[in-house]
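Quick notes on the structure that follows.
What follows draws every value from the coordinates through simple rules; no lab data is involved. Everything numeric here is computed off the predicted structure, so don't read it as measured data. So basically every Cβ, Gly included, is an ideal-geometry build from the backbone, and we count neighbours across all protein chains shown.
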Amino acid sequence: MDFKGGNSTSTRSSFIDRKKYKEEVKIEGVDFIDTWYEKPNYGLLNSKFEPVYLNVQDAGLTLRNFEGVTDLSVRALPFVVKAFDVFRSAYNDVVDNTRLSYPKFLESLAPVKAHINLDSVYESYIDSYITQTLELLQESAAELKTFDQVMEKTLELFELNIKDFPVSRSGFLLSDICPANVSGLCIELANLSYSEDSIKGEIIQSKDFQCFAENANAAGFYVDKNAPWRLIANLESDIMKEEIKKYQNNTTVENTLDRLFRMKTQYQDIYDVANIFSIIHDRFVEANPYIYKDGVIVKPRKISGDLFTEKTWIRLTLMVRSAELGISRTEAEEYLPHVEFVHDMLSSRYTENKLKPAAGEISIFCTERIRQIYESRGTIDSYKKTTIKDYL
């Protein structure tokens, strides 16, 4: 079967070719995961639909390298590495004792990519985002006289494309821009193009692939349908759950993951959003240090440190997160007084992080929308016709 997605000559043919790959790539007995349509953020949401990623503050506990197999800089969660060692040993035995070999492009069974640090990719993304936003903001410089006007215009610019280009860490984590590897659950065995279906077809249709995939499944891995050189830990598999239970056998697997291996992005969102708006405002002030009227200087602009309040940060974060999730500005503004009330009542109790109560309330508001989105996705079948209404 010939798959041409990624090399199509027109938009229409590209759609048809992608559809062909989506609906026809299926192997009896092989457990694929569809990270494009069915489960695009696998491992990046906890059971409460809160965005989570691998906690690397204690990398000695949460990351392990593939010693003796590949470069020591390639690391994943310890239980993922252990399961991969089992898989690799089993499949090498198959190759040594049968006429089967390795699938095309996967001959060494050596990981070339695994965990990717979220902080690094997010910061790089935001640096570029800030630069582009400032260029657009500068076009309205003469009209922006006050701090509030600059903040509102910045928010408006964000909202134009925020579903495709999110601002907050939570929004970035759940976007197509963020690599799945930030979960620590992924292992990639080749550096290949994610967009070229022809390469994927060569791998999947090679005579050795089914055995490779079945052994990966038996070791507790999904095979990524849209990148068949990528294995992703199946957190529902018995073998993977047993490995995770060894860390804390008196609780659930989900609790162990949350307590030992994951961090929530929601408590960082307010600080990230505040930082982004502050940088944009202050760079705008550097480029436009004075306010003019009729060509005459009226007064100098102030930097954001003199103007920001905690409630400014809270409001901007709520507006940003709402826009990222398709929640109307009106609905977000109606919820804002509740968040501010909780902040007023509880912030003094959290001396190390006064904004934590407000962040928690914003998260409650957002996770309900995330739950709705992902429950809708749960009705999507990777092998059947999918239309836009399936995502709404």
Quiz item: Given Cα pairs under 8 Å that are at least 6 residues apart, what percent is the relative contact order of region 27-158?
Solution: 14 percent
Quiz item: Residue separation times 0.36 nm, minus the C-alpha to C-alpha distance between residue 142 and residue 344: what's the value?
Solution: 69.1 nm
Quiz item: What are the ³J(HN,Hα) values, in whole Hz, obtained from phi via the Karplus relation 6.51 cos²θ - 1.76 cosθ + 1.60 with θ = phi - 60°, for each residue of region 48-54 in sequence order, with x given for Gly and Pro?
Solution: 9, 6, 8, x, 9, 8, 5
Quiz item: Taking Cα pairs under 8 Å and at least six residues apart, what relative contact order does region 264-324 come out at, in percent?
Solution: 38 percent
Quiz item: Non-local amide H neighbours of residue 221 (under 5 Å, H modeled in plane, Pro and chain starts lacking H): which ones?
Solution: 234
Quiz item: From the Cα gyration tensor of region 164-240, with a ≥ b ≥ c the square roots of its eigenvalues, which class applies: rounded if a/c is under 1.5, or else prolate if a/b is larger than b/c, or else oblate?
Solution: oblate
Quiz item: Could you give me the ³J(HN,Hα) list for region 98-115, computed from phi with Karplus coefficients 6.51, -1.76, 1.60 and θ = phi - 60°, whole Hz, x at Gly and Pro?
Solution: 9, 8, 6, 10, 9, x, 4, 6, 10, 4, 8, 6, 10, x, 9, 8, 9, 5
Quiz item: Separation between the residue 128 and residue 303 pseudo-spin-labels, each 7 Å from Cα along Cα→Cβ, expressed in nm?
Solution: 2.8 nm
Quiz item: Taking amide hydrogens as modeled 1.01 Å from N in the peptide plane, which residues meet the under 5 Å criterion relative to residue 112, leaving out close sequence neighbours?
Solution: 188, 189, 190
Self-check item: Degrees between helix 266-287 axis and first principal axis of the chain (Cα, 0 to 90, nearest 10)
Solution: 50 degrees
Exercise. For region 24-90, just say rounded, prolate or oblate: build the C-alpha gyration tensor, square-root its eigenvalues into a ≥ b ≥ c, call rounded for a/c under 1.5, and beyond that prolate if a/b exceeds b/c, oblate if not.
Key: oblate
Quiz prompt | Rg/Rg_globular for region 53-166, with Rg_globular taken as 2.2 N^0.38 Å and Rg from C-alpha atoms | solution = 1.77
Quiz prompt | Degrees separating the helix 11-24 axis from the principal Cα axis of the chain, which is the longest one | solution = 50 degrees
Self-check item: Mean Cα-pair separation over length for the chain, i.e. relative contact order, pairs under 8 Å, 6 or more apart, %
Solution: 23 percent
Quiz item: For region 323-366, what class follows from the C-alpha gyration tensor (a ≥ b ≥ c being the square roots of its eigenvalues): rounded when a/c is under 1.5, otherwise prolate if a/b is larger than b/c, else oblate?
Solution: prolate
Self-check item: Within a Gaussian network of the chain (alpha carbon springs, distance under 10 Å), most fluctuating of 307, 45, 144
Solution: 307
Quiz item: Using modelled backbone amide H atoms (1.01 Å from N, in-plane), which distant-in-sequence or interchain residues come within less than 5 Å of residue 291's amide H?
Solution: 298, 299, 301
Quiz prompt | Length released on extending from residue 375 to residue 255, taking residue separation times 0.36 nm less the Cα-Cα span | solution = 41.1 nm
Quiz item: Per the helix-only calculation at 222 nm, which mean residue ellipticity applies to the chain, given -39500 (n - 2.57) for every DSSP H run of n ≥ 4 and division by its residues, nearest 500 deg cm²/dmol?
Solution: -15000 deg cm²/dmol
Quiz prompt | Dipole of the chain, positive direction: furthest Cα of 297, 190, 360, with charges on the beta-carbon | solution = 360
Self-check item: Among (i) 24.1; (ii) 22.2; (iii) 23.4, the entry derived from the coordinates for Kirkwood radius over Cα pairs in Å
Solution: (iii)
